[in-house]
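Report on one structure; see the data block that follows.
The values are calculated or read from the model by the stated rules, or taken from the named source; none is laboratory data. Please read all numbers here as calculations on a predicted model, not as lab measurements. All Cβ positions, glycine included, derive from the backbone under ideal geometry; neighbour counts span all protein chains shown. Protein only, heavy atoms only, side chains kept; ligands, DNA and RNA dropped before computing areas. Shrake-Rupley method; radii C 1.70, N 1.55, O 1.52, S 1.80 Å.
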Amino acid sequence: MDYDAIKKAAEAYKDDMTKFLRDLVALPDESCEEEKVIKRIAAEMKKVGFDKVDIDPMGNVLGYMGTGETMIGFDAHIDTVGIGEIKNWNFDPYEGYENESEIGGRGTSDQEGGIVSAVYGAKIMKDLGLLSDKYTVLVTGTVQEEDCDGLCWQYIINEDKVRPDFVVSTEPTDGGIYRGQRGRMEIRVDVRGISCHGSAPERGDNAIYKMADIVRDIRALNENDAEEGTEIKGLVKMLDPEYNKDFEEARFLGRGTVTVSQIFYTSPSRCAVADSCAVSLDRRMTFGETWESCLDEIRALPSVQKYGDDVVVSMYEYERPSWTGLKYPIECYFPTWAVPKDHKVTKTLEEAYKGLYGDQRAGNEATIEERQKRPLTDKWTFSTNGVSIMGRNGIPCIGFGPGAEAQAHAPNEITWKDDLVRCAAVYAAIPTIYCK
């Protein structure tokens, strides 16, 4: 393979990629409001010569290049979170800014830079004659990931009947190759009480006090050790072979965590005892943990057992309509996944990257030092569409994308033009290596 030709072609498209990304940033596209961005991506795909471009009933855009039997996917979710407190931004998050090396604006790292590199990676394959009858390249711009990661791919796989042989997630990876992530789920704990006048609280049964006991035990799950005498053993126990047969991958991904993220209550007034209380839990899961085990873990807490039938532990469901109006309900469970370090997909990404850029992470002057302190092949700290692609459906998934994790959901979000170029080059090399 002529790696120099691929790098040269990618560099030649830097200005085109920069303009494309600026256009996307200028179109606000929070979850369920992505219509304009999807149509702009579809237009760019057609402009650069994709063989087929579809927008499915959920509102995802799917671009195809080539006609071979093996299908290799490149996924970018193209929705963003909101901008938060505008005073925390030094520039307009939708007008953005640009200098010689950076592009600023909401979505530049998380995650519209990924679709830019994937579209032009496919164009480079076509320009250089790298497409063959062995494979088809699929580039997806997917919706609602920030609201419900993986929902889009549940639809693509189950309803569009599209199932790639493997998928490269273009989420930001700080110049590295990421082969997995912890899973997550959204849990709700409801507690019943009995209201009474606040002047005589002993007449009632305060649901907030009950919840306070439960929250204390939940906090212990996150903070306790797993020693023999510890009543509520901490989640760190899953790194121990005594408790988890998958402890090796658990150690790679990191221990699970749990935190209270929201609290709700009902009460007749500010002068009354609360008659219900509920909390939402953000539960991050490592290898060896399942949604059933996580729910059972909460149900087994001493305080939950103490209050018996007054406590209900459940998992949230998601059913918000997409920008097309389609509803596709799903439980809020996002499984842990990791492609093995010796898997063909992992080796393909490593060969493509090393052939182009060597054994260490690359970056510009602002990022290179920190990036090269980390191994080339690593994992995400956050969740991605891989929870559906591999976690639910068993399709090998691996990550390599422009931008940085620390920029995600943060004010003054930026990405780097050289990252766009490098990712497009690596994407262009992947199918030939995989299919050789």
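Only residues that are assigned to a helix (DSSP H, G or I) and either more than 19 Å from Leu295 (Cβ to Cβ) or in contact with a Ser or Thr (Cβ under 7 Å, 6 or more places away or on another chain) (or both) were counted across the range 217-244, and they come to 7. Just to check your reading of the model, which residue among Asp160, Asp110 is more than 18 Å from the chain's Cα centre (by Cα) and touching a residue at least 12 places away in the same chain (Cβ under 8 Å)? It is Asp160. At least 3 residues being over 27 Å from Lys354 (Cβ atoms), open to solvent by less than 60 Å² (accessible area, probe 1.4 Å) and modelled with pLDDT of 95 or more is the threshold, and among the helices (runs of 4 or more DSSP H) wholly inside the range 1-101 those reaching it are 14-25, 35-48.
For the range 191-204, a residue qualifies if it is open to solvent by 50 Å² or more (accessible area, probe 1.4 Å) and either on the phi > 0 side of the Ramachandran plot or part of a strand (DSSP E or B) (or both), and the qualifying residues are Arg192, Ile194, His197.
Quick grid of which residues meet (1) outside any strand (DSSP E or B); (2) β-branched (Val, Ile, Thr); (3) in contact with a helix residue (DSSP H, G or I) (Cβ under 8 Å, 6 or more places away or on another chain):
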site	(1), (2), (3)
Arg255	yes, no, yes
Gln262	no, no, no
Pro268	yes, no, no
Ser280	no, no, no
Glu292	yes, no, no
Ile298	yes, yes, yes
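When the range 288-316 is filtered for residues that are under 20 Å from the mean Cα position of the chain (by Cα) and either β-branched (Val, Ile, Thr) or exposed (fewer than 13 other Cβ atoms within 10 Å of the Cβ) (or both), only Thr290 remains.
For the range 258-279, the condition of being in contact with a strand residue (DSSP E or B) (Cβ under 7 Å, 6 or more places away or on another chain), among the small types (Gly, Ala, Ser) and free of Cβ contacts under 8 Å to residues at least 40 places away in the same chain holds for at least one residue.
Within the range 391-436, count every residue that is assigned to a helix (DSSP H, G or I) and either within 16 Å of Glu102 (Cα to Cα) or small (Gly, Ala, Ser) (or both). Step through it out loud before you land on a result.
To start, the set of residues in the range 391-436 that are assigned to a helix (DSSP H, G or I) comprises 391-392, 405-407, 417-435.
This time we only want the ones that are either within 16 Å of Glu102 (Cα to Cα) or small (Gly, Ala, Ser) (or both), so: 391, 405-407, 417-425, 428-429.
The qualifying residues number 15.
Given the criteria touching a residue at least 60 places away in the same chain (Cβ under 8 Å) and open to solvent by less than 20 Å² (accessible area, probe 1.4 Å), does Arg361 qualify? Against the criterion (touching a residue at least 60 places away in the same chain (Cβ under 8 Å) and open to solvent by less than 20 Å² (accessible area, probe 1.4 Å)), Arg361 qualifies. Of the set (1) open to solvent by 20 Å² or more (accessible area, probe 1.4 Å); (2) in a loop (DSSP other than H, G, I, E, B); (3) hydrophobic (A, V, I, L, M, F, W, C), all apply to Ala274 but (1).
Taking each residue of the range 387-399 that is touching a residue at least 12 places away in the same chain (Cβ under 8 Å) and open to solvent by less than 30 Å² (accessible area, probe 1.4 Å) and looking for partners that are in a helix (DSSP H, G or I) and not β-branched (Val, Ile, Thr) with beta-carbon atoms closer than 7 Å, six or more apart or interchain, yields Ser388/Trp153; Ser388/Gln154; Ile389/Trp153; Pro396/Met390; Cys397/Gly386; Cys397/Met390; Ile398/Leu349.
Residues to consider are Glu231, Glu227, Glu249, Glu223; find the one that is touching a residue at least 40 places away in the same chain (Cβ under 8 Å), open to solvent by 20 Å² or more (accessible area, probe 1.4 Å), more than 24 Å from Thr384 (Cα to Cα) and of a type outside the set (Lys, Arg).
Numbers: Glu227 fails: touching a residue at least 40 places away in the same chain (Cβ under 8 Å); Glu249 fails: more than 24 Å from Thr384 (Cα to Cα); Glu223 fails: touching a residue at least 40 places away in the same chain (Cβ under 8 Å).
Only one candidate qualifies: Glu231.
Residue-by-condition table, conditions (1) open to solvent by 20 Å² or more (accessible area, probe 1.4 Å); (2) at negative phi:
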| residue | (1), (2) |
| --- | --- |
| Ala122 | no, yes |
| Leu128 | yes, yes |
| Lys134 | yes, yes |
| Val137 | no, yes |
| Thr140 | no, yes |
| Gln144 | no, no |
| Asp147 | yes, yes |
| Asn158 | yes, yes |
| Asp165 | yes, yes |
